[in-house]
1. Tell me whether region A:690-705 contains one or more residues that are more than 11 Å from every other protein chain (Cβ to nearest Cβ), in contact (Cβ under 8 Å) with a residue 60 or more places away in the chain and buried (at least 22 other Cβ atoms within 10 Å of the Cβ).
2. Given A:337, A:332, which one is within 14 Å of chain B (Cβ to nearest Cβ), modelled with pLDDT of 95 or more and part of a helix (DSSP H, G or I)?
3. Of all residues being in a strand (DSSP E or B) and over 21 Å from residue B:65 (Cα atoms) in region B:9-38, which is farthest from the chain's Cα centre (by Cα)? Just the residue, please.
4. Can you confirm whether residue A:80 is out of contact with any strand residue (DSSP E or B) (no Cβ under 9 Å at 6 or more places or on another chain), in a loop (DSSP other than H, G, I, E, B), over 20 Å from residue A:301 (Cβ atoms) and at pLDDT 95 or above?
5. If you take the residues in region B:47-63 that are within 7 Å of chain A (Cβ to nearest Cβ) and surrounded by fewer than 17 Cβ atoms within 10 Å (Cβ to Cβ), which one is farthest from residue A:719 (Cα to Cα)?
6. Can you spot a residue in region A:669-680 that is touching a helix residue (DSSP H, G or I) at 6+ places or on another chain (Cβ under 9 Å), more than 12 Å from chain B (Cβ to nearest Cβ), assigned to a helix (DSSP H, G or I) and closer than 30 Å to residue A:617 by Cβ?
7. With the structure loaded, tell me whether residue A:409 is at pLDDT below 95 and either more than 14 Å from every other protein chain (Cβ to nearest Cβ) or surrounded by 20 or more Cβ atoms within 10 Å (Cβ to Cβ) (or both) or whether it fails that test.
8. Being more than 27 Å from the chain's Cα centre (by Cα), in a helix (DSSP H, G or I) and over 30 Å from residue A:11 (Cβ atoms) narrows it down to one of A:243, A:287, A:301, A:253, so name that one.
């Protein structure tokens, strides 16, 4: 990611865009912050928000014509906020908190003609910037049309307070001028720039036409004259006076600095905003009415009214994603952290964990009104980290070893249908289904061979998606090439995938191969005769994240479920919006506790029993304690008739074992081939109590690893012993991780009491 | 982690040499960084004990720190 890419990405996330109210306010008062302060009864904080942006807050806060109210999102569910009344409450009860500083004098003299609110604003803004300002008016007081307000709304003393304010910034106010040509000549001679407030009698007698100022700059002509304010076709708007005064002051400042009057002024005045705020589900609330309308809001009423503000923001992706919630940030900020992380040469890369925790599932992109590509950013960053050797070795090693095992001699195999030498079809169940439900793989295969003509080959293996997710592009490419070569060798049959991740990978990275989902095939086929009782209650479907963009597969699954007679209640976050179970992007390996959270969150989308058609979704949600079955459990129920909803998560060791046994079993029963020789250490028989097994799963330790440790210890005698209880403690480092096992010999094998590991290399270890 | 001591009384004895473990300074290494730490070691064969709390505590912490460097 380079700087321009970062900027483009940052601009895609709209969380930091202005809320509708501030965008609609001609001077962009932070109405949301103002409401936030009032709601928590921080009266001075609320006043500070006004003082920061609003000129003459004591005046404007009393009479603001609240253009923001028309834009308020609260109106979608209740009444819009009573912003004007709250401003009035604030400025009438809290004196000024923040007095803006006056910058050092920097020359340039400006004449402000008139004394209405736009003249006052222009004079104040320019004086604050250090300009020498003379306000000249035919009137005897400041305020222009504001003097027409009733005393109870805008007391005369408050309005005349503006004179003191202007004085304090050094504005020279001159009342009682006659506006005529001589006056104009004097003004032009003495000043570098002039602002004409159109809320001022007598302007017509001057030799300058103030009726059509340029809408962007308010320039009239090009000799430093500007005009604004007054009554327009839309009437006399208070905020229009303020806006014009401020806009003119900025133009004059640019004019005096001899820089462009027009560049980058799009966001001045009311402007559009891209902020996207969903108000669905927010309780509708009516505007709070002051008990005594003549005195306006009390403190309590103000706080109540302001607390109706929904504090507009987007956060739509964060609301749904366990990963974004965990890192408490939205994509714009995360992408900046990723960029900074990449830029570190020496020092700690604190964002590694975050980058490796994204499920790469694309849910946020579907939710985002601007399709922020969080998964693409995280995955390509991982690829970059691998290329630069900054990827933490421990993040994905366990998952990659699992993939290696699935592709290795003990699990992988490719065969034509028994008794045939060609295949029109190739069943590809995927590594996780073979690991989770080997019986279902066998039964599905037999069903396919019985119903499809032309030969159905079988391939057990792994599509390589763990390599892709972990940024190991070279490994992934090799895996894909071997897969393609194998498919070619079989005569390019149509591949039938049971796993939607495999399906997505083949579709994207081997588009020349013919691939269909098992569900599409089964949907067009006679279904097996059902032998399992269908649950009486409706179930909910947990779509896997990898079918997010495959409505046809989702439809086929629902057809099959219907044919089975299972009733379904859809949950709101299914289909295109579905969550990942935590396996996606290898999140559950790089961040074990977060993986558990993600699975739990997906499982909790519905109170109903779940039905999954991805083996990892099934197992992860089952591990989180929910009742969930795999669709194949109902299509091809296991002989022992266990309730599919109660099938436990097999865990990593059992998955290995299941894959190896599946291969042996199929080779033996269908192809009548000799089993593959197993290594010596497999002769170690283990007894592992459930709590130790759970520990091993979380710690990513396999039964295989334990067997290797004990085999080695028993062969060499190198082990520690506790004379008290006769337990042994031994360690072994098969590749990079050193495993420690506390065990005890038993008549038939070894009881495992504990297992842990570390990556630090001890003296005498191979490096 | 360098120059830290992680010695503590232990029930474990070396099963091979039938000796009590004794504190020894040893070098442990990860990702090119070497740390000289005091651990419980068999005085005869040099078997080094890494107890569970060390492996899952300080050692893991340092491993992860080094991986993010």
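1. no
2. Details: A:332 fails: within 14 Å of chain B (Cβ to nearest Cβ).
After ruling out the rest, the residue left standing is A:337.
3. Initial filter on region B:9-38 (in a strand (DSSP E or B)): B:13-14, B:19-20, B:22-30, B:33-38.
Now drop any that are not over 21 Å from residue B:65 (Cα atoms), which leaves B:13-14, B:19-20, B:22-25.
On the way: B:13: 15, B:14: 15, B:19: 17, B:20: 16, B:22: 12, B:23: 10, B:24: 9, B:25: 9 Å.
For region B:9-38, the residue satisfying everything is B:19.
4. Taking the combined requirement at face value, the residue does not satisfy it.
5. That would be B:56.
6. yes
7. It is true that residue A:409 is at pLDDT below 95 and either more than 14 Å from every other protein chain (Cβ to nearest Cβ) or surrounded by 20 or more Cβ atoms within 10 Å (Cβ to Cβ) (or both).
8. Numbers: A:243 fails: over 30 Å from residue A:11 (Cβ atoms); A:287 fails: in a helix (DSSP H, G or I); A:253 fails: over 30 Å from residue A:11 (Cβ atoms).
Only one candidate passes the filter, namely A:301.
The values are calculated or read from the model by the stated rules, or taken from the named source; none is laboratory data. As the structure is a computational prediction, the values presented were derived from the model and not from experiment. Here the Cβ is made from the backbone with ideal geometry for all residues, glycine too, and neighbour counts use every protein chain on show.
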